[in-house]
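In what follows, a single structure is set out as structure tokens and then discussed.
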Amino acid sequence: MNSSPWHVLHVHSNYEKRVAQSLAVRSVENFLPLYSERVKWTDRTVVAERPLFPGYVFARLSAQTRSTVIFTPGVCRVLGDDERDMVSCEELDKIRAGLASGLLLRPHPWVTLGTRVRVRDGVFGGIEGMVTELRHQCKVIIALEAVRQCFSLEVDICDLVVLNESVAKPPMKKIPVYGVDSFRTRAQRQPTNSLIQQA
């Protein structure tokens with residue numbers, strides 16, 4: 001089984017599926033994570049498949065296929081060959097398994113604030129992310145570093161381990177508490193009763 005990392009292809013907007021199909025025709029191994037979403041049209045509701053990481057397709061390149069991939073219609077560029085520009089096989093395997101098992105994975109904007117946590121077990125066991133909401137379930141934002149994009153995962157709070165690492169934040173921040181907006185100092189905050197943006 002191939003465990004080499006995946007290259008990241010930056011593609012034109014709305015060209016993700018076409019690029020993936022073109023690569024498949026050229027016998028280039030690729031992966032385009034898709035999630036299903038109900039879309040309401042004027043006359044009916046349909047289920048549409050959308051890219052989890054809009055603007056990106058993952059592919060395994062070799063010296064022989066690199067030029068073929070670069071000149072594939074819709075491909076803008078290959079992000080790079082450095083480890084930080086590539087995605088590990090383990091990361092994409094977890095995403096593939098999560099989508100296949102029906103986990104609610106959705107695109108999410110890149111974020112810089114939040115409490116860092118680690119998922120205890122399950123398909124995403126060991127993965128680290130940032131908490132952005134705490135209600136009946138905890139919403140964790142997981143980053144895919146190579147494309148600087150994120151996706152959200154909803155898990156039970158008991159399935160998370162809070163890490164020591166945290167992101168610096170201003171001393172005062174407006175946060176909603178039980179639906180009421182109020183300014184609270186760090187000493188007054190009670191994260192368990194609020195939508196967490198900080199530990």
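Quick notes
The rows are residues; the columns are (1) within 14 Å of Gly122 (Cα to Cα); (2) of a type outside the set (Phe, Trp, Tyr); (3) without any contact (Cβ under 8 Å) to a residue 12 or more places away in the chain.
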position	(1), (2), (3)
Thr68	no, yes, no
Pro73	no, yes, no
Arg77	no, yes, no
Asp82	no, yes, yes
Asp85	no, yes, no
Gly98	yes, yes, no
Ser101	yes, yes, no
Leu104	yes, yes, no
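- Any strands (runs of 3 or more DSSP E) falling wholly within region 52-113 and containing at least 1 residues that are within 27 Å of Thr132 (Cβ to Cβ): 56-59, 106-108
- Members of region 34-61 found to be over 21 Å from Ile141 (Cα atoms) and among the aliphatic types (A, V, I, L, M), listed by number: Val39, Val46, Val47, Ala48, Ala59, Leu61
- Scan of region 16-52 for residues that are touching a Pro at 6+ places or on another chain (Cβ under 8 Å) and over 25 Å from Gly102 (Cβ atoms), ordered by number: Arg18, Val19, Ser22
- The set of residues in region 53-93 that are surrounded by fewer than 12 Cβ atoms within 10 Å (Cβ to Cβ) and small (Gly, Ala, Ser) comprises Ser62, Ala63, Ser67.
- Pick from region 47-97, criterion touching a helix residue (DSSP H, G or I) at 6+ places or on another chain (Cβ under 6 Å) and hydroxyl-bearing (Ser, Thr, Tyr), ranking: farthest from Ser36 (Cα to Cα): Thr72
Every number in this text was worked out from the coordinates using simple rules, so none of it is lab data. Just so you know, these numbers come straight off a predicted model, no measurement behind them. Every residue, glycine as well, gets a Cβ built from its backbone with ideal geometry; the counts of neighbours run over all protein chains shown.
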